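Data first, discussion second: the structure below is written as structure tokens.
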Amino acid sequence: MNAMKNRVQLIGNVGNDPEVRTLESGTKLAHLTIATNERYTNDKGEKVEQTEWHRVTAWGKTADIIERFVTRGKEVAIQGKLTHRSYDDKNGEKKYITEVVVNEILLLGN
């Protein structure tokens, strides 16, 4: 049961081309967004489509795979963990970020 704690699995489409950079240590870091869509019929009988956007971060070999093979619109499946962090912006305001840190990625579609 311990392996199921803080586990996120998403299947969706990449919103923009990933931003990948190499740190001074040589480790790669990738940032991207993934859109997941849900379709349902509401209580009025209307068909509704709802899109959720997810911030995603990947490190190391996973970031390298993303840099080489992932582009805007690509359908991917990811598995990782949910993390929260904060920082102070240039105006001194505290900003909060929730993101998925990827452990595994599976490239879907063509």
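Summary of values
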| item | result |
| --- | --- |
| Extent along principal axes [Cα atoms of the chain; Å; largest to smallest] | 55, 41, 35 |
| Order of LYS94, LYS74 under a 10 Å beta carbon neighbour criterion, fewest first | LYS94, LYS74 |
| Gain on full stretching of the segment that runs from ARG55 to ILE11 - 0.36 nm per residue minus C-alpha separation | 14.5 nm |
| 3J(HN,Hα) from dihedral phi, segment 21-27, Karplus parametrisation 6.51/-1.76/1.60, rounded to Hz, x for glycine, proline | 9, 10, 6, 4, 6, x, 6 |
| Ranked list, fewest to most other Cβ atoms within 10 Å of each Cβ, for ILE11, ILE34, ILE66 | ILE11, ILE34, ILE66 |
| Rounded if a/c under 1.5, otherwise prolate or oblate - segment 42-87, Cα gyration tensor axes | oblate |
| Stretch gain in nm, segment ASN42-LEU82, where the contour uses 0.36 nm per residue and the Cα spacing is subtracted | 11.5 nm |
| Residue exposure sequence - LEU10, LEU23, LEU82 - by fewest surrounding Cβ within 10 Å | LEU23, LEU82, LEU10 |
| Counted charge near THR98, where neighbours are those whose Cβ lies closer than 10 Å (Asp, Glu -1; Lys, Arg +1) | +1 |
| Value of relative contact order over the chain, rounded to a whole percent, pairs C-alpha under 8 Å and six or more apart | 29 percent |
| Segment 88-97 - phi-based ³J(HN,Hα) in whole Hz, Karplus 6.51/-1.76/1.60, Gly and Pro as x | 9, 6, 5, 8, x, 7, 7, 10, 10, 10 |
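Each value in this text was obtained by applying a stated rule to the coordinates, not by laboratory testing. All figures in this text were calculated on a predicted structure; none of them were measured in a lab. Positions of Cβ are backbone-derived with ideal geometry, glycine not excepted, and every protein chain shown enters the neighbour counts.
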